[in-house]
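The values are calculated or read from the model by the stated rules, or taken from the named source; none is laboratory data. Please read these numbers as outputs of a predicted model, since none were measured by experiment. Backbone-built Cβ (ideal geometry, glycine too); neighbour counts: all protein chains shown.
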Amino acid sequence: MSFDVERLRERFPTLARKTYLNSGSYGLLSLDVRRAFEDYLDIRDERGSDWPGWMAQHEALRTRVAKLLGASEDEIAITASASAGINAIASALDFAGPRNKVIASDFEFPTSGQIWHAQSQRGAQVVHVPEDAHGFIPLQHFERLIDEQTRVVAITHVCFRNGAKLDVGGIVKLAHAKGALVVLDCFQSVGAVPIDVKALGVDIAVGGMSKYLLGTAGIGFLYCRRELATTLTPSASGWFAQDESTMMDIHHYTPAHNAHRFQAGTPPVPNCYAAAAGIDIILGLGVAEIEAHVRALSGECMERLLQAGCQLATPRDDTRRGPTIAVRANDDNALVAKLAAANVVTSCRDGNVRAMFHCYNNRADVDAFIDALLANRALLRT
Ligand SMILES: Cc1ncc(COP(=O)(O)O)c(C=O)c1O
């Protein structure tokens, strides 16, 4: 491990009171992010507004996101949410012709499924890729469905329900062989799993800053491959999606000559401050180092749970999982409440209790989680 977890923990006051295993729902507030919000408020108090400074902050955030994903600034849009990014892309795709299929994994977060199904009004036919009995979606399931009619393959890097991680590179190869685009939702991995959009080969990636990026809700990002961006003309748009020279022109629509065309209205200024401070923590620690730390802790946790007779919904293979462990429960809501009463913060989906590990978790957190689970054996599926 190349960072000092105990020192890091001092920057997250909540950890003095709670065992926090819910970072895939909302990353913890750090002193750094609190300070960033205060910086914004100080400017509001002192000057009322600072549009030049805020636009610089917005561009500095774009630079950070580009660095995080291995992309260039011109390939990054700062959005209001992951949903806003998917909507902007969907609005640019033509589903009227023969290439009207959307192949969506069954690991999609609801918003992704819903947005793609909304395109059925525009001619899209959405086909879901089912998971197997082991909580994974093997490449063969995609291979069976991706064909020459496929416009887009919508996938999630790490599933919000069970923590399984898809073989993105393999899916990209299958999609590109049939001429389809790949839209990756990396909200449940970014900040905890290294993402190199070029190495993965995805065409588009979306996510947000509230979870493993330790920022805040109300802001997101979109990556679009440079050569692709100018071939897609979104009909969901706004003045911050235009070229700078045309943003005040009410007579024409002149989308920016890069991925900035997937933005819309005024950027979420306070959230730009918070998101930058959160990403700085992540970049400072190193995403590969965070992944190694999280993998060791969560791997140990899985082993101990299996030995104790618990059932896991998460694949045990390290290459097939992200930072989340999902434990099968008889009553997941009741179990989350019992854990909360023991100051262990988790969440549940799909009948499973989720423990979502991050850089600031330590072995004491693993102990606290397992002790609290085993103290409520009747609520666990064994
Ligand atoms: C994988 C995934 N995608 C999308 C979303 C929703 O993102 P947004 O609310 O920013 O549109 C979430 C939120 O939890 C998520 O986990």
Qualifying position, being more than 13 Å from the ligand (Cβ to nearest atom), among the charged types (D, E, K, R) and buried (at least 20 other Cβ atoms within 10 Å of the Cβ), among GLU108, GLU75:
GLU75
Does the range 275-283 include one or more residues that are touching a Lys or Arg at 6+ places or on another chain (Cβ under 9 Å), more than 19 Å from SER210 (Cβ to Cβ) and surrounded by 16 or more Cβ atoms within 10 Å (Cβ to Cβ)?
no
Selected residue [charged (D, E, K, R), touching a helix residue (DSSP H, G or I) at 6+ places or on another chain (Cβ under 9 Å) and at pLDDT below 95] from ASP331, ASP350:
ASP350
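Yes/no per residue for (1) assigned to a helix (DSSP H, G or I); (2) closer than 27 Å to THR319 by Cβ; (3) within 17 Å of the chain's Cα centre (by Cα); (4) hydroxyl-bearing (Ser, Thr, Tyr):
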{"position": "GLY207", "(1), (2), (3), (4)": "no, yes, yes, no"}
{"position": "ALA217", "(1), (2), (3), (4)": "no, no, yes, no"}
{"position": "LEU228", "(1), (2), (3), (4)": "yes, no, no, no"}
{"position": "ASP249", "(1), (2), (3), (4)": "no, no, no, no"}
{"position": "THR266", "(1), (2), (3), (4)": "no, no, no, yes"}
{"position": "GLU289", "(1), (2), (3), (4)": "yes, yes, no, no"}
Taking ILE115, is it buried (at least 17 other Cβ atoms within 10 Å of the Cβ) and assigned to a loop (DSSP other than H, G, I, E, B)?
no
How many of the residues making up the range 349-382 are small (Gly, Ala, Ser) and either within 22 Å of the chain's Cα centre (by Cα) or within 10 Å of ALA329 (Cα to Cα) (or both)?
3
Checking ARG99 against (1) away from the ligand (no atom under 15 Å from the Cβ); (2) out of contact with any Lys or Arg (no Cβ under 9 Å at 6 or more places or on another chain); (3) in contact (Cβ under 8 Å) with a residue 24 or more places away in the chain: exactly one of these is not met. Which one?
(2)
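Only one of ALA236, ALA264, ALA292, ALA256 is small (Gly, Ala, Ser) and under 16 Å from GLU59 (Cβ atoms). Can you tell me which?
ALA256
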Just checking, how many residues over the range 352-372 are in contact with a Leu (Cβ under 9 Å, 6 or more places away or on another chain), farther than 22 Å from ASP4 by Cβ and surrounded by fewer than 24 Cβ atoms within 10 Å (Cβ to Cβ)?
2
Candidates HIS128, HIS176, filtered to the one that is under 12 Å from VAL202 (Cα atoms) and at pLDDT 95 or above
HIS176
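Yes or no: the range 56-66 includes at least one residue that is of a type in the set (Lys, Arg), surrounded by 17 or more Cβ atoms within 10 Å (Cβ to Cβ) and away from the ligand (no atom under 16 Å from the Cβ). Walk me through it before giving the result.
Here is the first cut: in the range 56-66, the residues of a type in the set (Lys, Arg) are 62, 64.
Now restrict to residues that are surrounded by 17 or more Cβ atoms within 10 Å (Cβ to Cβ): 62, 64.
Pick out the ones that are also away from the ligand (no atom under 16 Å from the Cβ) and you get 62, 64.
Yes, that holds for at least one residue.
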Kindly establish whether ALA133 is surrounded by fewer than 17 Cβ atoms within 10 Å (Cβ to Cβ) and either in a strand (DSSP E or B) or away from the ligand (no atom under 13 Å from the Cβ) (or both).
yes
Please enumerate the residues belonging to the range 1-24 that are loosely packed, with under 13 Cβ neighbours inside 10 Å and either touching a residue at least 60 places away in the same chain (Cβ under 8 Å) or under 19 Å from SER298 (Cβ atoms) (or both).
MET1, SER2, GLU6, ARG17
Only residues in the range 325-344 that are in contact (Cβ under 8 Å) with a residue 24 or more places away in the chain count as the first member; pair them with residues that are crowded, with 20+ Cβ neighbours inside 10 Å and among the acidic types (Asp, Glu), Cβ under 9 angstrom, at least 6 apart or cross-chain, and list the lot.
VAL344/ASP365
Any residue in the range 204-219 that is more than 16 Å from the ligand (Cβ to nearest atom), on the phi < 0 side of the Ramachandran plot and crowded, with 22+ Cβ neighbours inside 10 Å?
no
Please verify whether GLY163 is within 16 Å of the ligand (Cβ to nearest atom) and at pLDDT 95 or above, treating the condition exactly as stated.
yes
Residues to consider are SER189, SER237; find the one that is more than 16 Å from the ligand (Cβ to nearest atom) and among the polar types (S, T, N, Q).
SER237
Residue count for the range 82-105, restricted to those that are charged (D, E, K, R) and within 23 Å of GLU131 (Cα to Cα):
1
